[in-house]
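All remarks here apply to the structure that follows.
The values are calculated or read from the model by the stated rules, or taken from the named source; none is laboratory data. Quick caveat: nothing in here was measured; it's all calculated off a predicted structure. With ideal geometry, Cβ positions are generated from the backbone for all residues, glycine too; neighbour counts draw on all protein chains shown. Keep in mind that these areas ignore ligands, DNA and RNA; they rest on the heavy atoms of the full protein, side chains included. Shrake-Rupley method; radii C 1.70, N 1.55, O 1.52, S 1.80 Å.
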Amino acid sequence: MSRKVLVLGEVREGSLRNVSFEAISAAKTVAEGGEVVGVLIGDAVSALGSELIKYGADRVVIVEDEKLKQYTSDGYSQALLAVIDQEKPEGIIIGHTALGKDLSPRIAGKLSSGLISDATAVEVAGGNVVFTRPIYSGKAFEKKIVTDGIIFATVRPNNIAPLEKDESRNGEVASLSVDIKDLRTIIKEVVRKAAEGVDLSEAKVIVSGGRGVKSADGFKPLKELADVLGGAVGASRGACDAEYCDYSMQIGQTGKVVTPDLYIACGISGAIQHLAGMSNSKVIVAINKDPEANIFKVADYGIVGDLFEVVPMLTEEFKKLKVHS
Amino acid sequence: MNIYVLMKRTFDTEEKIVLSGGKINEDGAEFIINPYDEYAIEEAIQVRDAHGGEVTVISVGNEEAEKQLRTALAMGADKAVLINTEDDIENSDQYTTAKVIAEYLKEKEVDLILGGNVAIDGGTGQVGPRVAELLNIPYVTTITKLDIDGTKVTVTRDVEGDSEIIETSLPLLVTAQQGLNEPRYPSLPGIMKAKKKPLEELELDDLDLEEDDVEAKTKTIEIFLPPKKEAGKVLSGELTDQVKELVYLLHTEAKVV
Ligand SMILES: Cc1cc2nc3c(=O)[nH]c(=O)nc-3n(C[C@H](O)[C@H](O)[C@H](O)COP(=O)(O)OP(=O)(O)OC[C@H]3O[C@@H](n4cnc5c(N)ncnc54)[C@H](O)[C@@H]3O)c2cc1C
């Protein structure tokens, strides 16, 4: 059964986020041969329309308005609902990012539809579109289907492989004008605190520090290692509670759930709440001076030792590797 | 001010997940207030103490949730409402829960609704924004600060580590992010007082809802545990050699760098 599926592309600092391409790939599966329509919302985003097409969208609808410069749930939901009204899709896929998490339940509420949040895989099986998603912060997984109405899901960054970019693809990029009004929440100011560079939820490599880093300064060698690997720095709640770092870096059951290719845990004991957030990473490395630490039970590779010795040595060794390869 | 808190009873974060007969086995498991909802309860109490009014904590679930509602009352909430759907609803999802809560709230004078930004079991974060949509009031998710001045509200919202300072107004729904406050432990006098505070129990009938009105739109067809991670290789030898070996293994065996 082929379906028309909408994908909301998410723009950050002038470019599309990777998760948008992953969402297109998921939408292709849901569409079962039907049309995939990209949607871009913002104040100057039309130039990015062709990018969505190169990654697999068939055509793109753009809603541009000054009032959509920053994300607000009122502005974006008016824009997206107008597109939904015009296109009458049978499926909608959005990235499970801060924006997607905030916007999607509102749209589902408006449409009186179901919503499968935070999917890590999608397949067609037994005549159903089946989504896989973590529950209990990754301690278990469920497979879920929509039983009534539109197939609406958000997809977790970094889990569904995007399609290869095809420079030769073309498609229509049309704009839809929507009267955006009555914004009930106004963003007065944005304070940039997130570490520059790679976003934790999208990072391929994460170097994470726990109480073992002993101070805010103790994160410096971790940052250097992450930089060499093009990765991001995360933390345990122990490190956040001790005020060595910001809570936005926390990984675990009450923090971010991450699935990078490589997770390097430095001075983290491996409490069950921490493991919930990272144990589905592809490869886990533990560096801890306590050979009995629980983190070694989930680590693919472990080094028993002082992180302040091991981490800088690792950084040097990876630098050498980069020079040679 | 009429303040409502949406609260879910969840598995303790210490619990391992065990399946039996394809379902999550709850036998002997400890349950807690969803940690993010604890921030919501604490914030609600602080807002009431500063501005006056009443805090009502609502939970949709079964009668087991009474225990967590009593804990919320012991922390300082004034009233609790348990919407017991156990006998009426077999298959529920976030559509169901939001509809039930909105149906209860739509008859009330509501100034402020607080919830956690996500429940650590289901992990969808849908119910708060869905309720706001159904009640047609604005919402802000993942907040780390809340200031109320008359009907004017200033909130700080965590957006993947950055902070947005947002102006909005009551009535409003917000969902709590870690860092919003430090939830208090119930005091002994608090626990004594909680026993006498009102805990109302409702069923779908009392809300004039039929099971069909709130029937789930999605369904879980399978639950499974992730493949068990085998303990890997703990390296040995001189530290410099271990580091070299690790880089070599990551490059050639695991192929992640
Ligand atoms: C409701 C609830 C929710 C929670 N949610 C989370 C969550 O989301 N994420 C999370 O992480 N935790 C969470 N926790 C906390 C969790 O239980 C642990 O307390 C926390 O993860 C411990 O952090 P840690 O491993 O950094 O610290 P510790 O357990 O103190 O471990 C520090 C480790 O560092 C090692 N070490 C010390 N010095 C060095 C050195 N120089 N070199 C190498 N190793 C060294 C030690 O051997 C030790 O293993 C939660 C707890 C509760 C109750």
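Region B:150-203 gives an Rg/Rh value of 1.13, both radii derived from C-alpha positions and Rh following Kirkwood. Averaging the sequence gap over all C-alpha pairs within less than 8 Å and six or more residues apart, then dividing by the number of residues, gives region A:200-324 a relative contact order of 24 percent.
Relative to the longest principal axis of the Cα atoms of chain A, helix A:220-229 runs at roughly 60 degrees. Among B:Leu239, B:Leu172, B:Leu112, the residue with the largest mean-square fluctuation in a Gaussian network model of chain B, with springs joining Cα atoms closer than 10 Å, is B:Leu239.
Taking a 31 Å limit on the Cα-Cα distance, which of the listed pairs A:Lys101/B:Lys106; A:Lys67/B:Lys8; A:Lys188/A:Lys256; A:Lys143/A:Lys289; A:Lys289/A:Lys320; A:Lys165/B:Lys145 fall beyond it? In this structure, A:Lys67/B:Lys8; A:Lys143/A:Lys289; A:Lys165/B:Lys145 exceed 31 Å between Cα atoms. Just to be sure I follow: if Rg is taken over the C-alpha atoms of region A:246-296 and Rh is the Kirkwood radius over the same atoms, what is Rg/Rh? Rg/Rh for region A:246-296 comes to 0.95. Among the protein heavy atoms, those of A:Asp261 account for about 50 Å² of accessible surface (1.4 Å probe, every chain in place).
For the protein assembly as shown, with every protein chain kept in place, what is the accessible area per residue (1.4 Å probe, Å²)? Intermediate values should be presented prior to the final figure.
On the way: 24450 Å² over 582 residues.
Result: 42 Å² per residue.
At the listed q of 0.19 Å⁻¹, the Debye profile of region B:103-242, built from one uniform point per Cα, gives log10 I(q)/I(0) equal to -1.27. When a 1.4 Å probe is rolled over the protein heavy atoms, the share of accessible surface on region A:200-324 that falls to carbon and sulfur comes to 52 percent. Each 5 Å bin from 0 upward holds the following percent of the Cα-Cα pairs of chain B: 1, 6, 11, 15, 16, 14, 11, 8, 5, 4, 4, 3, 2, 0, 0.
Solvent-accessible area lost on pairing B with A (1.4 Å probe, both sides summed) amounts to about 7100 Å². Rounded is the label for region A:69-198, because a/c, from the alpha-carbon gyration tensor with a ≥ b ≥ c as root eigenvalues, stays below 1.5.
Which sequence of A:Leu8, B:Leu199 reflects their accessible areas, 1.4 Å probe, from the largest down? Working shown, then result.
Numbers: A:Leu8 10, B:Leu199 40 Å².
The ranking, largest first, comes out as B:Leu199, A:Leu8.
With springs connecting C-alpha atoms under 10 Å apart, model chain B as a Gaussian network and identify which of B:Asn25, B:Asn34, B:Asn181 has the largest mean-square fluctuation. Maximum among the listed residues: B:Asn25. Surface composition of chain B: carbon plus sulfur atoms hold 44% of the accessible area, using a 1.4 angstrom probe and ignoring ligands, DNA and RNA.
State the antiparallel share, in %, of DSSP beta bridges confined to region B:15-166, rounding to the nearest 5. Rounded to the nearest five, the antiparallel share is 70 percent. For chain A, averaging the sequence separation of C-alpha pairs within contact (under 8 Å, six or more residues apart) and dividing by the residue count gives a relative contact order of 14 percent. For region A:225-298, the list of trypsin sites (Lys or Arg not before Pro) that fall in a loop by DSSP and count at most 14 other C-beta atoms within 10 angstrom reads A:Lys282.
If I fit a long axis through the Cα atoms of helix A:18-31 and take the longest principal axis of the Cα atoms of chain A, what angle between them do I get, 0 to 90°, rounded to 10? Relative to chain A, helix A:18-31 is tipped by roughly 50 degrees. Computed from Cα atoms, the angle from the helix A:73-87 axis to the main principal axis of chain A rounds to 50 degrees.
Here chain A carries DSSP beta bridges of which approximately 20% are antiparallel, counting only pairs with both residues inside.
Relative contact order of chain B: what whole-number percent is it, with Cα pairs under 8 angstrom and at least 6 residues apart?
Details: 464 pairs, mean separation 60.0, N = 257.
The normalised contact order for chain B reaches 23 percent.
Among B:Thr124, A:Thr29, the sequence by solvent-accessible area, most first, with a 1.4 Å probe is A:Thr29, B:Thr124.
Legend: mean number of C-beta atoms from other chains within 10 angstrom of residue C-beta atoms, peptide A:89-99, equals 1.
Run through the DSSP bridge list for the protein assembly as shown and note the antiparallel percent, rounded to the nearest 5. Taking every DSSP beta bridge with both residues in the protein assembly as shown, the antiparallel ones total about 35 percent.
The helix-only estimate of mean residue ellipticity at 222 nm for chain B, built from DSSP H runs of length n ≥ 4 each weighted as -39500 (n - 2.57), is -7500 deg cm²/dmol after division by the residue total. Build a GNM of chain B with springs between Cα atoms under 10 Å apart, and of B:Glu133, B:Glu230, B:Glu211 the one that fluctuates most is B:Glu230. Counted over the protein assembly as shown with a bin width of 20 Å, the fraction of Cα pairs per bin, in whole percents, is 20, 54, 25, 1.
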